[in-house]
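Only one structure is covered here, and it is reproduced in the block below.
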Amino acid sequence: MKRLSVLGSTGSIGIQTLQVVRANQEDFTIKALAVNTNADALYEQAKEFHPEVVCIYDKKTAKANRLRFRGVSRLVSGMEGLIECATLAGTDMVVGAVVGMIGVRPVIEAVKAGKDIALANKETLVTAGHIIMPLAKEKNVRILPVDSEHSAIFQSLNGEKRSQLKRILLTASGGPFRGMNKEELKKVTLADALKHPNWSMGKKITVDSATMVNKGLEIMEASWLFNVSIDDILVVVQPQSVIHSMVEFVDGAVIAQMGTPDMRLPIQYALYYPDRVYLSGERLDFFKLAHIDFEEPDYDTFDGLSLAISAGKLGGSMPTVFNAANECAVSRFLDGQIGFTDITHIIRMMMESHEVIKDPDVDEILDIQNEIYQRIG
């Protein structure tokens, strides 16, 4: 019986994690659940899974719901509440699925507490990979990727010698605006950006996929997860989203992980690793698929990808600037305050005005985030 703490339990990854748990109740128990503000959904989850503790990060919302959770689960709040869920005694694995840099401190504290991490929050490694990966090695903690692309790379490397890896081929669908030019992108709407061709995800990550910033974040995350340079990661546009990523070895062999676009697969793989168990759902039908297409990314039109590569190569505090600027800009786009192409324009401005700190600690990382938020407004 594996005991789980799910941070971000009402988001897309959190909900699908609980679907996997629900289908395999004999193998898992939920020790803690944490959300940002969605008290209603958390309450229903708590009644079903009976966690020892639940967290509502927003303290005002938590206060308004304190009586509601009495007799169901112990309710905590704020960053201290998230950290309590992440470090709870008796928990074997923490599913890090909160959106944004809010996940950095809880993941670090979970690693310090010796918890294995099923990581879906890519911002954590993007901004603090230089802290988390050495710490995980020191504490003998496994960081198991949940993103479909990083899980595919992880699976493709199983049984192989990492020293014989030549490069990572990171696949991308191209998003809803694949093939458009810059002028066309200026006219797209929020509704257009939220129509991903293959995946059903939360709003923020869907917009990130439309700008291809998400793929840039994945490059930086992959660099930390698999200990490769940014230059050894090649983005390949694969519109059907059936090849989830590939690895190329020094002898020219390429190994790929394929399947239908179903996030439950990488989630379940992380939860059960190194074992595989049955997963219901659609199977890949090669005869219906008929063909698989590959394209080179348009780095000029989707300059968020180019900016991410630049941030990753500069390293230090620049990935934090990139990520924080994107978080803030996407929030403004979702609120209708800016246009779609303004997102990467804001990222570029913040990067150009930042003086890199070579090896920032957690406080410096979060200070930089706050500074960027204040500057963008």
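The values are calculated or read from the model by the stated rules, or taken from the named source; none is laboratory data. On a predicted model such as this, the values are computed, not experimentally measured, just so you know. All Cβ positions, glycine included, derive from the backbone under ideal geometry; neighbour counts span all protein chains shown. These accessible areas exclude ligands, DNA and RNA; they are computed on the full protein's heavy atoms, side chains included. Shrake-Rupley method; radii C 1.70, N 1.55, O 1.52, S 1.80 Å.
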Q.
Going through 376, 338 one at a time, which residue ends up being without any contact (Cβ under 8 Å) to a residue 60 or more places away in the chain, within 20 Å of residue 101 (Cα to Cα) and crowded, with 17+ Cβ neighbours inside 10 Å?
A. 376
Q: Hey, can you tell me all the residues within region 358-373 that are assigned to a loop (DSSP other than H, G, I, E, B) and surrounded by 16 or more Cβ atoms within 10 Å (Cβ to Cβ)?
A: 360
Q: Select from region 228-274 the residues that are open to solvent by less than 40 Å² (accessible area, probe 1.4 Å) and of a type in the set (Asp, Glu) and write down the one among them that is nearest to residue 3 (Cα to Cα).
A: 262
(Q) Given the condition of a type in the set (Val, Ile, Thr), outside any strand (DSSP E or B) and out of contact with any Pro (no Cβ under 9 Å at 6 or more places or on another chain), answer yes or no: does some residue in region 232-246 qualify? (A) no
**Q.** Residue in region 104-111 that is in contact with a Pro (Cβ under 6 Å, 6 or more places away or on another chain) and in contact (Cβ under 8 Å) with a residue 12 or more places away in the chain present
**A.** no
Q: Of the numbered conditions (1) without any contact (Cβ under 8 Å) to a residue 60 or more places away in the chain; (2) open to solvent by less than 20 Å² (accessible area, probe 1.4 Å); (3) touching a Pro at 6+ places or on another chain (Cβ under 7 Å); (4) of a type outside the set (S, T, N, Q), residue 350 fails exactly one; give the number of that condition.
A: (3)
Q: With the condition kept exactly as written, say whether any residue in region 95-110 is assigned to a helix (DSSP H, G or I), of a type in the set (Asp, Glu) and modelled with pLDDT under 95.
A: no
Q: For residue 322, work out the one condition from (1) among the aromatic types (Phe, Trp, Tyr); (2) free of Cβ contacts under 8 Å to residues at least 40 places away in the same chain; (3) surrounded by 15 or more Cβ atoms within 10 Å (Cβ to Cβ) it doesn't fulfil.
A: (2)
Q. So is residue 277 at negative phi, aliphatic (A, V, I, L, M), open to solvent by 40 Å² or more (accessible area, probe 1.4 Å) and modelled with pLDDT of 95 or more or not?
A. yes
Q: Sort through 6, 54 and tell me the only one that's outside any helix (DSSP H, G or I) and either closer than 15 Å to residue 118 by Cα or of a type in the set (D, E, K, R) (or both).
A: 6
